[in-house]
Amino acid sequence: MSRLFRHKSVSARMQLSSTTTPADNPESAYSSLLESNVSPQSSPQHRRSKSSTSPWGGYGFTIHQNGSRSWLGTAENRSSWNGGGEQQRQPTRKLVKEQNGSGRPSFSLELSDSDGENKGKGVVRHITTCPASSMSPWTAAPSFRLLHTTTGSYIIMLSALGISAGLLVGVGALLENTRRLPKKRKTVIKAPKSRLPLPNSDTDAEEQFLLPGGRDVETPYGSIRVFEWGPEDGEKVIIMHGISTPCFSLANLGVELASMGYRVMIFDFFGRGYSDAPIDLPYDLRLYTTQILLVLASSGLAWTGNEAFHLVGYSLGGGVAVSFARYYPHMIRSLVLIAGGGLIRKEHVSATSKVLYSSGIFPESLLEFLVRRRVTPPDDGGTNEAKMAGEVVDVATTRQAVPKGKNKKHGNSDASGGDSYDNAVLRPGLTVSTVMRWQLRHHRGFVPAFMSSIRHAPIYEQTEDWRALGELLEVRRRNLEGGDGLNLPGLRAGRVLMVLGATDPVIVKEELIHDATAVLGEDGFEAVLLDCGHEIVMTKGKEIAHLAAGFWSAP
């Protein structure tokens, strides 16, 4: 027989008495709880009854109502609810509407007197009463309330699991990154240790490098191979090579100038020849300017100060020389450009070169692989400066500026990479083609340096530097005429000597003369044409030496 739990008012307190035993009255627990005349004052705030079979140490707990919500939890030995032989009944729940003390409807939950399944066990039941007006439609019925509560618990549990899993993943990733902290990034690729394939294996160390006076200069950017020779009291000349050929290509020019009494200094740009290749810096004007200053400071002689040396630049070296002269005009006695870069028009850059030498679009490792494969010759093949310069410009477009018939005349010359260039002898048994093939195969830093130079070096349309140099030259010319009374050191001639190849497909003479006139002025330069192509410094070294000497000695 079931009885209803009823509450007269919101402040009613209910308790479970532990003084009545099941033998005296099997329904004592219910009787003490369901008496209608029980008042809040008849029981203390908390009363505990000890029971030997309670799972919480035999104590009953009474939780009092607070505000508009009351929670009653009762723990008691279940055997006192259904004495011995009573028929076991399944628990039932029903809602009963009544008037509470505040005059508003409320709901009570009914429990059965017995629970056969949990007989003899202490359990806790929560009995909830609250005003019906404050209950949502989902909690008005017990089935909906239980479903709502269970779903919320699952959501909370899943959220906690998600947060825990995220924290575990984050901590794991942090530990993994900590375990795999990258080693110090390599910033310099060392120059090759292998020597040039000379036919005479008994050649001494100095001859092995083709040029005398060689030394390695250690710098924060890597080692630089420098050659310096000639009379110590002679006028000093520094010569800079092109974008691909190492300084061995300048051997004929340098040796001839030294024989004429000049003190000559030649060095390998970073990433070429026997110089190391820094790979964490762009190969722009700042790097090349720094390298020039490091080379000048490495000598035991004074290579700095006012009008300290003549500056000669070939191809890329010519573009670097113009920009260097803009910022350090007082140091330079004169400037000679041999097929010099700096004003190459960007319209000559091929679509293939734009892709291969782009940055930030394709993986750098992929581009480097493609460029290396593109420029490396086969085992039985040769390479030359004209072929490498074809990576800078599209030769097919520049040849349109060359008068018809010229290419045929020089079809087997250095301009086309023919036998006259491939067999150009730097020393007995060693050609320029052999040196370049050795560099491509043995210097791992060459291709990265080559690619970065095309991207960042002063090669294309450097009109700002050239125009600034033109203004400096104009001031010097006025000084020579005595117009302004200034006596500025450096570039005393007030003009530049440009030596060009008549059939050069890279530095087109018609375009360069036109563009140089626009930025330097008609009186800012003197142009000389030789019957050759872009490899002019290798095939016409002696002629260029005498042209330069005549320009330096002119009043």
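Read-outs: derived from the displayed coordinates by stated rules, not from any lab. For clarity, every value in this text was computed on a predicted model and none was experimentally measured. All Cβ positions, glycine included, derive from the backbone under ideal geometry; neighbour counts span all protein chains shown.
Descriptive notes on the structure:
- Listed pairs Lys236/Lys346; Lys190/Lys354; Lys236/Lys509 exceeding 31 Å between Cα atoms: Lys236/Lys346
- Rounded to the nearest 0.05, the FRET efficiency derived from the C-beta distance between Phe369 and His442 at R0 = 25 Å is 0.90.
- FRET E, pair Arg455, Ser350, Förster distance 22 Å, beta-carbon r, rounded to 0.05: 0.90
- For Ser275, the amide hydrogen comes within under 5 Å of the amide hydrogens of Arg225, counting only partners 5 or more places away or on other chains and with H modelled in the peptide plane.
- Segment Phe362-Ser159, extension gain: residue separation times 0.36 nm, minus the distance between their alpha carbons: 69.0 nm
- Highest average packing first - 353-363, 298-308, 243-253, 264-274, Cβ atoms within 10 Å: 264-274, 243-253, 298-308, 353-363
- Overall form of the stretch 275-326 per C-alpha gyration tensor (a/c, 1.5; a/b vs b/c): oblate
- In order along the stretch 538-555, phi translates into HN-Hα couplings of 8, 9, 10, x, 5, 4, 5, 4, 6, 4, 5, 4, x, 5, 6, 8, 5, x Hz, rounded to whole numbers, per the Karplus curve 6.51 cos²θ - 1.76 cosθ + 1.60 with θ = phi - 60° and x for Gly and Pro.
- Computed about the Cα centre, the dipole magnitude for the stretch 426-555 is approximately 880 debye when only Lys and Arg (+1) and Asp and Glu (-1) carry charge, each at its Cβ.
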